[in-house]
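Remarks on the structure that follows.
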Amino acid sequence: MYRVWNFLTDYSLLLIIGAVTALIWANTDPSGYHHFVEMPLWGNEYIGVHYDHWAQAWGEGAAAILPDHPHRVLTLHYLVNDMLMAFFFAIAGKEVWEAVALESGSLRGKKSLTPLIATSGGMFGPIAVYLGLAAIMGSETYDAVANGWAIPTATDIAFSYLVGRMIFGAGHPAVRFLLLLAIADDAAGLIILAIFYPSGDLAPVWLLFSFGSAAAVYLLANWLPRRLDRGNQARPNSTWMREKLGFWPYAVAGAACWFGFAQSGIHPALGLLPIVATIPHADRAFGIFAAAEEHLTDLLNHIEHILKHPVEVILLFFGLMNAGVEFSSMGDATWLVLAGLLIGKPVGILFMGWLAAHPMGLGLPQGMRTVDLLIIGCIAAIGFTVSLFIATVAFDAGPVRDAAKMGALFSFAAAAVSFVVAAVIGVEKQES
């Protein structure tokens, strides 16, 4: 049983199981699935979607279920997408933080320039294809789908990494290049979500409350104990904080930070990101998905290991909450998302990667060919998790959102395209 669980979590199969279950359910019992997703858990004044929005989404009978008309409704969909997914984005943020902040971080120095420039191609290429084709389809289509321009910019790190290893082998430099590109893509995606897809009107005071909570826990639980321990190798204050309080100060500050984000208008799923940088961390990173990090004892990596399996379960429910789209919902947004991913990603990454490596003279990792950039671009076109998430916040509930979700789900086709392109081009696998 333990081996089965590890297999499911290591390859993010729980997310696929959730998505497939949602697709089957939505196409066999759409009403039952819809009411499951919008199930009200708690009518209150502070957390959840506005009552009117929920009542419209639920449909007939909403007033009978919540007759007291609360200001907000905590639904199952909100619990998963806006609250629990904060842990998923926190782990992604942890990888970005280590890659940027640590001296050995993979996104520091000249070695990261070519992947970073290639990432820009993987962002702007899909946007250009998505909006360009939408404009060709006419102003009515363009106006309906324009807000989804960021959906095809996303790259699903876990599935891209899996496909990259299967094509290139674990030891190929193209796999490390792909991971650098994917984590930079995630960083850009977090910025896009925060700036372009707010959950409401911006309230700067609440945002200051969030960052104030992060600053307070950093000063009191991280900086001050280390300051008091200066010159004392026994580090009694830092040790006391770790042994007696552990992660609890950061959990309390994280809850406050999340609530501030929820009230500020920034999407609350990003609410734990400011806390990540405040947690004591190792002096070096071994790389994204590096097995060696399991042996690190710093609090940040310890928390990540605690969250690893719960987050996989959260992804199961994320797939279940968001992938339930009827096949009849396919429309213009479906094909625009797919075109952005399957055309814009590979072309953008190939062109900008080539530009950085050759005309700009930054080069590629030893053992990696320019043509490998095309394969990497095809692999990076697997948008899935983050594309699906952006689709849910880019559009209101309705046919356009459902069509865009279908495009995000169909981006799995990029894996098959990657294998075909790799077979045509020819790749020599390197397992170590």
Lys, Arg +1 and Asp, Glu -1 on Cβ, resulting dipole of the chain about Cα centre, debye, nearest 20: 1480 debye
- request: Give the long-range amide H neighbours of Gly171: residues separated by 5 or more places, or on another chain, with amide H under 5 Å away, using H modelled in the peptide plane at 1.01 Å from N.
  value: Gln430, Glu431, Ser432
Pairs of Lys in the chain closer than 22 Å at Cα, counting only those 8 or more apart or on different chains: 5
Backbone N under 20 Å from the Arg235 label point (7 Å along Cα→Cβ), restricted to the stretch 263-281: 276-281
message: Under 8 Å for C-alpha pairs, at least 6 residues apart: give me the relative contact order for the chain, rounded to a whole percent.
response: 28 percent
message: For Phe124, project a label point 7 Å along Cα to C-beta. Then give me every residue of the stretch 334-350 with its amide nitrogen under 18 Å of that point.
response: 340-341, 343-350
message: Can you show me the helix-derived [θ] at 222 nm for the chain, built from DSSP H runs with n ≥ 4 at -39,500 (n - 2.57) apiece and divided by the number of residues, rounded to the nearest 500.
response: -19000 deg cm²/dmol
statement: So, over other residues within a Cβ distance under 15 Å of Pro225, counting Lys, Arg +1 and Asp, Glu -1, the net charge is +3
- prompt: Tell me, what ³J(HN,Hα) does each residue in the stretch 224-235 have, in order and in whole Hz, if you take phi through Karplus 6.51 cos²θ - 1.76 cosθ + 1.60 with θ = phi - 60° and put x for Gly and Pro?
  reply: 4, x, 5, 5, 5, 8, 4, x, 10, 5, 6, 6
- prompt: How big is the Kirkwood radius of the chain, worked out from every pair of different alpha carbons and given in Å to one decimal?
  reply: 22.7 Å
task: Please give the peptides 54-61, 359-366, 258-265 ranked by average Cβ packing (other Cβ atoms within 10 Å per residue), highest first, as a rough proxy for protection.
output: 258-265, 54-61, 359-366
- prompt: For the chain, modelled as a Gaussian network with Cα springs under 10 Å, which listed residue fluctuates most, Pro70, Pro126, Pro280?
  reply: Pro70
message: Can you list the DSSP H helices in the chain whose Cα atoms extend at least 27 Å along the helix axis and whose mean Kyte-Doolittle hydropathy is -1.0 or higher?
response: 113-136, 173-196, 299-322
statement: Any residue on another chain or 5+ positions along whose placed amide H is under 5 Å from the amide H of Thr75 is listed here as Leu41, Val49
- request: Taking just the C-alpha trace of the stretch 88-192, give me its Rg and Dmax in Å.
  value: 15.8, 50
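Throughout, read-outs are computed from the coordinates displayed, never taken from laboratory work. The model shown is predicted, which means the values in this text are computed figures rather than measured ones. As a convention, Cβ positions derive from the backbone with ideal geometry for all residues, glycine included, and neighbour counts pool all protein chains shown.
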